[in-house]
Each structure stands twice: as structure tokens, then as C-alpha cells.
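To start, the structure under review is shown below, and the notes come after it.
The values are calculated or read from the model by the stated rules, or taken from the named source; none is laboratory data. From a predicted model like this one, the values you see are computed outputs, not experimental measurements. So basically every Cβ, Gly included, is an ideal-geometry build from the backbone, and we count neighbours across all protein chains shown.
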Amino acid sequence: MTKYMVKISNRGNAEYEVDDKRPILDELRRHGVDLPYGCKYGGCITCAAKLTAGNIDQRRQVALNNWQLDNGYVILCVARARSDITLEIGTESHDKLYRNPFLEPLKSYQLKSDIASKEDT
Ligand code: FES
């Protein structure tokens, strides 16, 4: 078991120690950080936050498309820390999480990885 520090930049740079074997959401909630969540299996996007520094493992998530991943979004209910990390949490971090599909349709390479093309076609 390895411990890493999670800094929340938009909450006064508060820092919390987390276990690398447990989801970041559970670890932050254990410290009393109140975060929204729904499914807790990586499918609904409710717990998304933005990673601005460090590394995580979120291979179990199925909610994010490549555009969201490229913009730094992390699904906290399944993500594990792989280094000290910095996050932005809450709705103020969601500026690039959602987009109007009629005004800004995703390019084919920005779709979810199981259906995305390697390049825009
Ligand atoms: S709570 Fe549903 S994706 Fe995290």
C-alpha cells in the first residue's frame, strides 16, 4: 500500500492523504470531503473532477469520451492515485465536461475509445 497526497486547488489547496489501492472518491469522503456521486462504478459521470497535476489510474471508468479525457477529467469513484495529484472539484471544474452536441459535435476521434477513430475522418 502506497500513500499519496491529493491537493484540491479550488478548496484552498486543502491536502489529504489517500491509499493508492482505494478509489479517490472513497478516500476523500473518508476525510470528510463532501463530493457528489451516483453509480460508484464509473458509468454516470456524477463524480467527475479535473486532474491538473499528477497521475491516476482510471482504467475502470466507462463514462468519459476521449474529448473529456483529453481535457483532464477523472472519474473519482474508480480512479486510484498513482502519484501526488492536484484536482479541481465541483461544478466549477466542469467547464469542459459537457458540451452542446448540436453546436459543437464531437469529431470521430473524440468519441469514447471503443468507437473512436484514430484520426478525424
Ligand atoms: S459515481 Fe457514477 S461515475 Fe462516479
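Overview of values
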quantity: Single residue of LYS7, LYS50 found to be touching a Gly at 6+ places or on another chain (Cβ under 6 Å) and not in a loop (DSSP other than H, G, I, E, B); calculated: LYS50
quantity: Qualifying residues in the stretch 34-58 (those that are modelled with pLDDT under 95 and more than 7 Å from the ligand (Cβ to nearest atom)) - the one surrounded by the most Cβ atoms within 10 Å (Cβ to Cβ); calculated: LEU35
quantity: Condition met for LEU97 (touching a helix residue (DSSP H, G or I) at 6+ places or on another chain (Cβ under 7 Å), within 13 Å of the ligand (Cβ to nearest atom), at pLDDT below 95 and not in a helix (DSSP H, G or I)); calculated: yes
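So that you can scan it fast, the table gives a plain yes or no per residue for (1) away from the ligand (no atom under 12 Å from the Cβ); (2) surrounded by fewer than 16 Cβ atoms within 10 Å (Cβ to Cβ); (3) without any contact (Cβ under 8 Å) to a residue 12 or more places away in the chain:
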position: LYS3; (1), (2), (3): yes, yes, no
position: GLY12; (1), (2), (3): yes, yes, yes
position: LEU28; (1), (2), (3): yes, no, no
position: VAL74; (1), (2), (3): no, no, no
position: SER83; (1), (2), (3): yes, yes, no
